[in-house]
């Protein structure tokens, strides 16, 4: 699998689908404690589904996640995630416009790019998809890092202090059932639940604990003000226990060109649970990007 080295030496691993020379590339940024595999139902289909012109798709493991390099507390920040995204755009996708799509923490990385690299954002970004991203200001137990921590505390009562080893080394029925309840909606595919457990297990405990302070502290409101007229589609599942459905209206209303979408019966892991509903909306963003001035 191809990769690149971030400026601080952290390796970032990515996958690409479609024509690398396509005029528009969709960049998929996974959520907290997950990895690029969370896009497995979307990325290859999206690359082949465009009816207008060729489309490229790139998904990468953010630092500390999946097969990318480990993080320390000092490098587990939204600023570092934004810098990584800027490097992906420069080195992996040097030409054309991009549509950035982020699932929970991935959405925060996109907003941080707009703040930290405004010139890159203005020159390259032609559309944004925000999946299951909180608008901020919600109660602590409704935030994914705290929810994972609460699940850990609940399970520790049952299993004792060996919980970390349990989650790291084994996929117990209790852990799987707990994560299924927290993260999915009405009728998830068992293989999607199992994959989610494996991704979280692979990032536990170092990445989970390292990124939590940055996620808790990030201010979305000021970042949204940097988006300007870029089209934004905010999507949330009706059964999401971590992000209130009202947040999509708040996110869409905070930008100049926002659209809110609530998916019935869907939980928090939107990329796996609702790929058929998400793909047409991402294609719409890509098609709109093609029509923007300055894109050949």
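We did not get these values from a lab; they are worked out from the coordinates using the rules stated. As the structure is a computational prediction, the values presented were derived from the model and not from experiment. FYI the Cβ positions are ideal-geometry reconstructions off the backbone, even for glycines, and counts take in every protein chain you see.
Before moving on, here are some points about what is shown:
- Among 134, 112, 225, the largest mean-square fluctuation in a Gaussian network model of the chain (Cα springs under 10 Å) belongs to 225.
- With Cα atoms, 0 to 90° folded angle of helix 173-183 axis to the chain main axis: 40
- Here, P(r) means the percent of Cα pairs in each 10 Å bin from 0 to the largest distance; for the stretch 176-292 it is 12, 34, 37, 16, 1.
- Here the sum of -39500 (n - 2.57) over DSSP H runs of 4 or more residues, divided by the residues of the chain, equals -13500 deg cm²/dmol at 222 nm, to the nearest 500.
- For the chain, share of DSSP beta bridges that run antiparallel, in % to the nearest 5: 20
- Amide N of the stretch 265-296 lying under 14 Å from the label point, which is placed 7 angstrom from the Cα of residue 245 along Cα→Cβ: 265-268
- Cα Rg over Rh - the stretch 47-127, Kirkwood: 0.98
- Using equal-weight Cα scatterers in the Debye expression, the normalised intensity of the stretch 184-230 in log10 at q = 0.29, 0.32 Å⁻¹ is -0.97, -1.08.
- Fewest-first sequence of 218, 32 by Cβ atoms within 10 Å of each Cβ: 218, 32
- The Rg/Rh ratio of the stretch 1-85, with both radii computed over alpha carbons and Rh defined as the Kirkwood radius, is 1.01.
- Averaging the sequence gap over all C-alpha pairs within less than 8 Å and six or more residues apart, then dividing by the number of residues, gives the chain a relative contact order of 22 percent.
- Ordered by the number of other Cβ atoms lying within 10 Å of each residue's own Cβ, fewest first, 184, 14 fall into the sequence 14, 184.
- Between residue 191 and residue 291, the contour length at 0.36 nm per residue exceeds the Cα-Cα span by 32.2 nm.
- Normalising the average separation of contacting C-alpha pairs (under 8 angstrom, six or more residues apart) by the number of residues puts the relative contact order of the stretch 1-115 at 33 percent.
- Peptides ranked, highest mean first, by Cβ atoms within 10 Å: ranges 94-100, 78-84: 78-84, 94-100
- Shape descriptor for the chain: Rg over Rh equals 0.94 (Cα atoms; Rh from the Kirkwood inverse mean 1/r).
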